[in-house]
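Undergrad: Below you'll find the structure I mean.
Rule-based calculations on the coordinates, nothing more; no lab input. Here the structure is a predicted model, which is why all the values come from computation and not from measurement. Cβ coordinates were reconstructed from backbone atoms using ideal geometry, including for glycine residues, and neighbour counts include every protein chain displayed.
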Amino acid sequence: MHPITDSITSDNLSRHIRTLASDEFEGRAPSSPGEEKTLEYLIDRFKEYGCQPGNGKSYLQEVPLVKFESDYDETMPARNDSTALTLKFKKEFVASTRQMVSSVMLQNSELVFAGYGIVAPEYNWNDYEGLDVADKTVVVLVNDPGFATENPDLFNGRAMTYYGRWTYKFEEASRQGAAGILIVHETEPAGYPWEVVENSFTGPQFYMESRDKNLSRTTIEGWLSVEATKKVFQAAGQDFDSLKSKATKPDFTPVHLDLRTSYSVRNTIIPSQSHNVLASLHGSDRSDEYIIYTAHWDHFGIDESGDERKIFNGARDNASGLAAMLEIARAFSELPEKPKRSILFMPVTAEERGLLGSQYYAAHPVLPLKKSVAVINMDALNIWGETNDVTVIGHGNSELDGIVEQVAEDQGRYVRPDPEPEKGRFYRMDHFSFAKQGVPALATEHGVEHAEHGEEWMLEEIDAWTEEHYHKPSDVFDEESWDLAGAVQDTQMYFQIGYLLSQSDEYPNWCEGTEFRSVRDAMLEK
């Protein structure tokens, strides 16, 4: 480990987290006063650490967004001639639209259970085969069949594939021409409780600008709680658990539920500008080649819809990642000799809205992606203390794993794959936007073998935090209970990985057989 890593301390991390997660920053929502304060703080620190503007003369990259302030129907019916159910907004369902129009209406739309809502030729799987979904609303399961069966030969076994992500399911329903889609939420296969859905898919929403005003999307996109789903299926004379089991078979046939629903949303659409931050430290020998550090700066802002004003401070998610980035920038700036390659620090916007800031940069790069050696993403650091291990999300995907293993060994730790691959974290963090464009991208997480308390204790702590604080106003900095010694370990590791890459003349690549390898090979051959 480079000696400079000794300067990365809990006190320094705490100082940044305490500030960025304070009420003064109003939950760091995009296009809000909280964004202005966040950008000012980040840019001031980067200037203090000697970083130059990363976008010409500017530290900012504009990210054009559209803000939706929507008025939702408070109920959603599910009825036929003999049955009438009424589902309650937030408690039993959430539903919205991405269509950039003043109002949309789903009217008397037939509900159809379409299994997992997946079309995957490489797995010989098509849940929509023979189904005409025009004017219909499909009800689909979260995750993919491999998770439900734990069959290693089905999809990717318990590890979620991209087909299991809610983003894919919304997109596929749109490609199929459905009028609406409702995903059945279950905590274990989703990887988070219902409250996360409730908080993430209600209130002001941000989307990327679209030439077709998103009219190619389904009219209504939403979620059903599993309890509400069982009520709907029972009203349709169907058993949810039985159909869920049948949906894990490749010969599954969609089931018409003989129920219809209607729903409307009224929108106030506001063109909105947010920003990625770009700050660079120029290298000495190969300054046109870059190591990129990313961490999202945004969270959910303020919820004033109820009786009590709630601030989503996002202390762990992701003021902690920002703190790590700032400490790494400071450490690089204090090196006695410049790194050979340049370092680009990129706090990105609107991660919580679907990785929008990183997606925008990857599609509109300021620096050539061919010259982007690797991306190192930092999101929600360890707040429970030192671990004996390091978790690599998507372990086995890229040659970056070898560098992580080398650095972890220097720390007296070992590398392990994600112990909960069913949660699909590889597709839920900003590095994925770069991976899709071919750039080798690394996402690690805290280990799970706590140095003092062991693995079982650590997993219980992680699960409890997810249940009680993830995407909730209670994600606040807690100096009494947080132990940032593990965050220091990981931040030092992030620095050392970037430092080794910056001193090398090699370009790490994706491993053979991964879906990103051919994109990177073609890029480097040009």
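Undergrad: For segment 375-463, which GluC sites (Glu not before Pro) pass both filters: DSSP loop (anything but H, G, I, E, B) and at most 14 other C-beta atoms within 10 Å? Each step should come with its number before you reach the end.
TA: Details: sites: GLU386, GLU399, GLU405, GLU409, GLU422, GLU445, GLU449, GLU452, GLU455, GLU456, GLU460, GLU461; in loops: GLU386, GLU399, GLU449, GLU452.
Filter output for segment 375-463: GLU399, GLU452.
Undergrad: Next question, about the same structure. Which distance in nm do the two modelled labels at ILE270 and ASP6 give, with both placed 7 Å along the Cα-to-Cβ direction?
TA: In this crude label model, ILE270 to ASP6 measures out at 5.1 nm.
Undergrad: Between ASP135 and ALA464, what FRET efficiency follows from the Cβ-Cβ distance if R0 is 60 Å, with the result rounded to 0.05?
TA: Numbers: r = 44 Å, r/R0 = 0.73.
Computed FRET efficiency for ASP135 and ALA464 comes out at 0.85.
Undergrad: Report the Cα centroid-to-centroid distance between segment 330-403 and segment 278-314 in angstrom, as an integer.
TA: 12
Undergrad: Could you tell me the distance between the Cα centroids of segment 56-81 and segment 1-49, to the nearest Å?
TA: 27
Undergrad: Now for a separate question. For a quick check of your reading of the filter: which chymotrypsin sites (Phe, Trp or Tyr not before Pro) in segment 47-118 sit in a DSSP loop and have no more than 14 other Cβ atoms within 10 Å?
TA: Numbers: sites: TYR49, TYR59, PHE68, TYR72, PHE89, PHE93, PHE113, TYR116; in loops: TYR49, TYR59, TYR116.
Sites meeting the loop and neighbour criteria: none at all.
Undergrad: Roughly how many Å is it from the Cα centre of segment 480-526 to that of segment 189-221, as a whole number?
TA: For segment 480-526 versus segment 189-221, the Cα centre distance is 30 Å.
Undergrad: Something else now. If you take the beta carbon distance between SER216 and TYR414 as r and set R0 to 51 Å, what does 1/(1 + (r/R0)^6) give as a FRET efficiency, to the nearest 0.05?
TA: On the way: r = 47 Å, r/R0 = 0.92.
For SER216 and TYR414, the calculated efficiency is 0.65.
Undergrad: What are the principal axis extents of the Cα atoms in segment 444-510, in Å, biggest first?
TA: 45, 28, 26
Undergrad: Summing -39500 (n - 2.57) over the DSSP H runs of n ≥ 4 in the chain and dividing by its residue number, what mean residue ellipticity at 222 nm do you reach, to the nearest 500 deg cm²/dmol? Could the numbers behind the result be given before it?
TA: Numbers: 15 runs with 153 residues, N = 526.
Roughly -8500 deg cm²/dmol at 222 nm, from the helical runs in the chain.
Undergrad: Taking the highest mean first, how do the peptides 118-124, 74-80, 311-317, 181-187 order by number of other beta carbon atoms within 10 angstrom per residue?
TA: Details: 118-124: 14.1, 74-80: 17.1, 311-317: 25.4, 181-187: 23.0.
Top to bottom by mean Cβ count within 10 Å: 311-317, 181-187, 74-80, 118-124.
Undergrad: Right, next: Highest mean first, how do 146-157, 485-496 rank when packing is the count of other Cβ atoms within 10 Å averaged over residues?
TA: On the way: 146-157: 17.4, 485-496: 24.8.
So the order, starting with the most tightly packed, is 485-496, 146-157.
Undergrad: Separate question: Pull out the extension gain between ARG18 and ARG175, defined as 0.36 nm times the separation in residues minus the alpha carbon to alpha carbon distance; nm, one decimal.
TA: Values: separation 157, 0.36 × 157 = 56.52 nm, distance 4.43 nm.
Difference between extended and current length: 52.1 nm.
Undergrad: State the label only: which of (i) 39, 25, 23; (ii) 54, 25, 22; (iii) 38, 31, 21 corresponds to semi-axes √(5λ) of the Cα gyration tensor in Å computed from the shown model?
TA: Correct label is (i).
Undergrad: Please list the three semi-axes, largest first and in whole Å, of the ellipsoid equivalent to segment 68-269, using sqrt of 5 times the eigenvalues of its alpha carbon gyration tensor.
TA: Working: eigenvalues 125, 77, 54 Å².
Listed largest to smallest, the semi-axes of segment 68-269 are 25, 20, 16 Å.
Undergrad: Hey, for a label at LYS371 modelled as a point 7 Å past Cα toward Cβ, could you say which residues of segment 507-524 have their backbone N under 18 Å away?
TA: What the label zone holds, given the 18 Å backbone N cut-off, is 507-508, 523-524.
Undergrad: If you don't mind, another one. With each pseudo-label sitting 7 Å past Cα toward Cβ, what's the GLU334-THR253 distance in nm, one decimal?
TA: 6.9
Undergrad: Roughly how many debye, to the nearest 20, is the charge dipole of segment 68-269 about its Cα centre, given +1 on each Lys and Arg Cβ, -1 on each Asp and Glu Cβ, and no other charges? Numbers along the way, then the final one.
TA: On the way: 20 positive and 29 negative charges, 63 e Å.
The calculated dipole for segment 68-269 is roughly 300 debye.
Undergrad: Of the listed pairs LYS37/LYS90; LYS91/LYS310; LYS436/LYS472; LYS37/LYS371; LYS370/LYS436; LYS47/LYS310, which have alpha-carbon separations greater than 21 Å here?
TA: LYS37/LYS90; LYS436/LYS472; LYS37/LYS371; LYS47/LYS310
Undergrad: I would also like to ask the following. In the chain, with Lys and Arg counted as +1 and Asp and Glu as -1 at Cβ, which of these residues, TYR123, ILE291, ASN55, has the Cα nearest the positive end of the dipole, that is, farthest along it?
TA: ASN55
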